[in-house]
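These notes concern the structure reproduced below.
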Amino acid sequence: MTHQNETMKFKGTKNYVATQDLMLSVNAAITLKRPLLIKGEPGTGKTMLAEEVADALNMPLLQWHIKSTTKAQQGLYEYDAVSRLRDSQLADVDGGERVKNIHNYIVKGVLWQAFSAQEQVVLLIDEIDKADIEFPNDLLREIDRMEFYVYETRELIQARHRPLVFITSNNEKELPDAFLRRCFFHYIKFPDAQTMKSIVDVHFPGLKQELLTAAMKTFYDVRNLPGLKKKPSTSELLDWLKLLLAEDIPLSALQTQEDKVAVPPLVGALLKNEQDVTLFEKLVFMQRHNR
Ligand SMILES: Nc1ncnc2c1ncn2[C@@H]1O[C@H](COP(=O)(O)OP(=O)(O)O)[C@@H](O)[C@H]1O
Ligand SMILES: [Mg+2]
């Protein structure tokens, strides 16, 4: 393993707004050579962080998107016994040569690809909390030692270059202590208004200030509504702004008039279930009658 990147530092990118503490965490994880575990609400830029770090440091990105059915072993390799059996029955395609070599039936997983890459890569293990609780523990050794053993071929696979590992979690499940101990942890706080302005600016440069101010006010009003099931996040604000612009919604539709508070146009971009929409409508109704 090399130390070629001892001095590399992540400073954000032109597409991604990274707060000071986030940059510090990324660089801490690089220095410690530990995975960076990133938690935060959905839509706060966890996945995008790994993509942008790879981009900024000019490293290839390997992504492993975890589902509820994903097993740790799939990240290492899978032995395709079914194909081998089928090939052995079809027999002499190439004189049965292919069947004899077990290597032909070992399918490399994302971790293996990351370990065998010619250069250091960024490895994203996305949404680790989707898998069952054994999953993180099953990967402890591989992530710690950066090696694993292939029993079928009796090979030890060792990383040529230790990948920069990013692990994201939406906090649907607690992660085991032994796993946490090996990570550097960062929680992406929901962006404050100033940071959010910078993020919007990245996506919609030159957006009219009045429109932005009005849209942000509505957005934070919706977000701060007590009892909401699902708070809208950054990506929802961006979607909503995109629609407001595409539909040419006038500023006046967002601003509260003296005598009427209205449900904002295209609210379906922000609120994703009927209970939340009803809650919001009730609030609007009450405000109107309290004036
Ligand atoms: N800090 C940020 N800078 C720029 N865009 C951001 C930022 N955070 C979120 N976004 C936007 O929100 C979208 C959702 O981010 P994503 O990484 O998918 O969130 P998560 O993985 O946390 O659910 C991104 O595609 C991007 O457009
Ligand atoms: Mg994500």
### Message
On the basis of being of a type outside the set (Phe, Trp, Tyr), within 16 Å of ligand 2 (Cβ to nearest atom) and over 23 Å from Gly109 (Cβ atoms), does Lys46 make the cut?
### Response
no
### Task
Among the residues of the stretch 165-195, write down those that are surrounded by 14 or more Cβ atoms within 10 Å (Cβ to Cβ), over 18 Å from the mean Cα position of the chain (by Cα) and not basic (Lys, Arg).
Pro176, Phe179, Thr195
## Note on the structure
When the stretch 251-281 is checked residue by residue, the ones that are loosely packed, with under 11 Cβ neighbours inside 10 Å and modelled with pLDDT of 80 or more are Ser252, Glu274
### Message
Suppose we filter Glu236, Glu210 for residues that are part of a helix (DSSP H, G or I) and closer than 20 Å to Glu274 by Cα; which single one remains?
### Response
Glu236
### Unmet requirement for Ser88, which otherwise passes all of (1) assigned to a helix (DSSP H, G or I); (2) surrounded by 14 or more Cβ atoms within 10 Å (Cβ to Cβ); (3) among the hydroxyl-bearing types (Ser, Thr, Tyr); (4) modelled with pLDDT under 95
(2)
### Query
Going by the conditions given, is Gly227 exposed (fewer than 13 other Cβ atoms within 10 Å of the Cβ) and in contact with a helix residue (DSSP H, G or I) (Cβ under 9 Å, 6 or more places away or on another chain)?
yes
### Task
Could you run through the stretch 185-216 and say how many residues are touching a residue at least 24 places away in the same chain (Cβ under 8 Å) and either polar (S, T, N, Q) or out of contact with any helix residue (DSSP H, G or I) (no Cβ under 7 Å at 6 or more places or on another chain) (or both)?
8
### Summary
Those helices (runs of 4 or more DSSP H) completely within the stretch 1-84 that have 3 or more residues that are in contact (Cβ under 8 Å) with a residue 12 or more places away in the chain and over 17 Å from the mean Cα position of the chain (by Cα) are 20-32, 72-76
## Note on the structure
Counting only residues in the stretch 96-127 that are under 18 Å from the mean Cα position of the chain (by Cα) and not in a helix (DSSP H, G or I), the one nearest to Lys173 (Cα to Cα) is identified as Glu127
### Query
Scanning for something in a loop (DSSP other than H, G, I, E, B) and away from ligand 1 (no atom under 16 Å from the Cβ), does the stretch 189-204 turn up at least one residue?
no
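Taking the residues in the stretch 49-67 that are among the hydrophobic types (A, V, I, L, M, F, W, C) and within 10 Å of ligand 2 (Cβ to nearest atom) as candidates, determine which candidate is nearest to Leu139 (Cα to Cα). Spell out the reasoning first.
Here is the first cut: in the stretch 49-67, the ones among the hydrophobic types (A, V, I, L, M, F, W, C) are 49-50, 53-54, 56-57, 59, 61-62, 64, 66.
Still in the running and within 10 Å of ligand 2 (Cβ to nearest atom): 49-50.
Working: Leu49: 22, Ala50: 19 Å.
So the residue we want is Ala50.
The values are calculated or read from the model by the stated rules, or taken from the named source; none is laboratory data. Treat the numbers as computed from the prediction; the structure is a model and nothing was measured. For neighbour counting, all protein chains shown are included, and Cβ atoms are generated from backbone atoms with ideal geometry for every residue, glycine included.
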